[in-house]
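These notes are about the structure you will find just below.
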Amino acid sequence: MKINVLINSVNRPKDLERLLQALMAQIRRPDSLYILIHPRDTESGKHIETLVGSAIPWTLACKDQSGPLVAMQHALQMMTCDVVAFTHDDAAPRADWLEKVASTLITKPECAGVGGRDFPVTAISQNPPLVEKVGKVTWYGKIIAQHHLPCVGARYVDFLSGVNAAYRHDILVATGLDIRLQWQQDTCWHWEMSLGLAVKRQGWKQYYDPELIVDHYPGKLFSGQKDSYWFAATRRRTFNETLILMNYLSVLGRGCCMIYALLIGSPDSYGIVQCLRYWPRDGRLAFRKWMDAMRGRYTGMRAWLYPGLCP
């Protein structure tokens, strides 16, 4: 089984150095590395040459104005392998990561993908509670990610974490990534959920193993964030969420999803209840967040109803 690793790099050379060290220390080394970089990134190539050299074949793929998903799709088409493992430059997979990926996909031929826990290093000194659900989308569109939290036992899920996931290459290429999803800089919200639900619709399964761990050191994002609130992120994240769920849910589920989203929402995409909940803390900013979420819902619904208008 030939495994390639696809890395989304964000011009963070020190983070990339830590990741490369972790990949070189794998019990089962990757057969090839594909690193997505910015055209302005002049440091990553030097780090890869120094740390990897000729030990593992590697390819740099530049991201451009088409966005990260287009670059990822292009990299997938360039590959010749059996499995593609996804991670970020601010991550550090543990030594048995690829070994467990390979063994799981060999023993579970019904699975298109396998992934595990996205372990935030800030949680080392904490004691987060066990969760019962991971990587699920309810029939009415509530998204339950929680890949960063501990859970009891491995299980089948609806989608995996983009920092810790591996898929069979032929299924990936046949399914493709949804390039309609909105993005900014290097962030494309919910792309892994879109992929997971598309794979599930084809009848394939995805396996989540909490013992398959990638340590995550959330790095600096080069975004348009200002005053700790990034309004574009709310709009684009909610656009993606709406478009994906409308494509996936049943007719009844779509209607209930929109009612739930408009009335309740989530801490990231406010509905009326969330707006009122956070008003004492955020004041008028809570209203701004609600308005941005509603704008994202509207544009996402419009893009679903009129695909030709999707940007």
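Rounded to the nearest 5, the antiparallel percentage of DSSP beta bridges internal to the chain is 40%. Got a sec? Charge dipole of the chain, +1 on Cβ for Lys and Arg, -1 for Asp and Glu; which of H190, T242, M24 is way out at the positive end? So the residue we want is T242. Model label points for T138 and A154, set 7 angstrom from Cα along the Cα-to-Cβ axis, are 2.9 nm apart. Its relative contact order, with pairs defined as Cα atoms under 8 Å and 6+ residues apart, puts the chain at 18 percent. Placing a label point 7 Å from the Cα of S103 along the Cα-to-Cβ direction, the residues of segment 1-41 whose backbone N falls under 18 Å of that point are 1-3, 25-30.
Taking H147, H216, H74 as the candidate residues, the one with maximal mean-square fluctuation in a Gaussian network model of the chain, Cα springs under 10 Å, is H74. Placing pseudo-labels 7 Å out from each Cα toward the beta carbon at L305 and R277 gives an inter-label distance of 2.8 nm. Taking the Cα centre of segment 10-155 as reference, the dipole from Cβ charges on Lys and Arg (+1) and Asp and Glu (-1) amounts to some 420 debye.
Subtracting the Cα-Cα distance of N127 and N247 from 0.36 nm times their residue separation leaves 39.5 nm of extension gain. If the chain linking R29 and E110 were pulled fully straight, counting 0.36 nm for each residue of separation and taking away their Cα-Cα distance, it would gain 26.7 nm. If you plug the beta carbon distance of M78 and L263 into 1/(1 + (r/R0)^6) with R0 = 51 Å, you get a FRET efficiency near 0.65. Evaluated with a Cβ-only charge set (Lys, Arg +1; Asp, Glu -1), the chain carries a dipole of roughly 1060 debye about its Cα centre, given to the nearest 20.
Once both labels are positioned 7 Å from their Cα atoms along Cα-to-Cβ, the gap between K2 and K205 label points is 2.8 nm.
Any read-out appearing in this document is the output of simple, stated calculations on the displayed coordinates, not a laboratory observation. This one's a predicted model, so the numbers in the text were calculated from it and none came from an experiment. Heads up, the Cβs are rebuilt from the backbone with ideal geometry, glycines too, and the neighbour counts pull from every protein chain shown.
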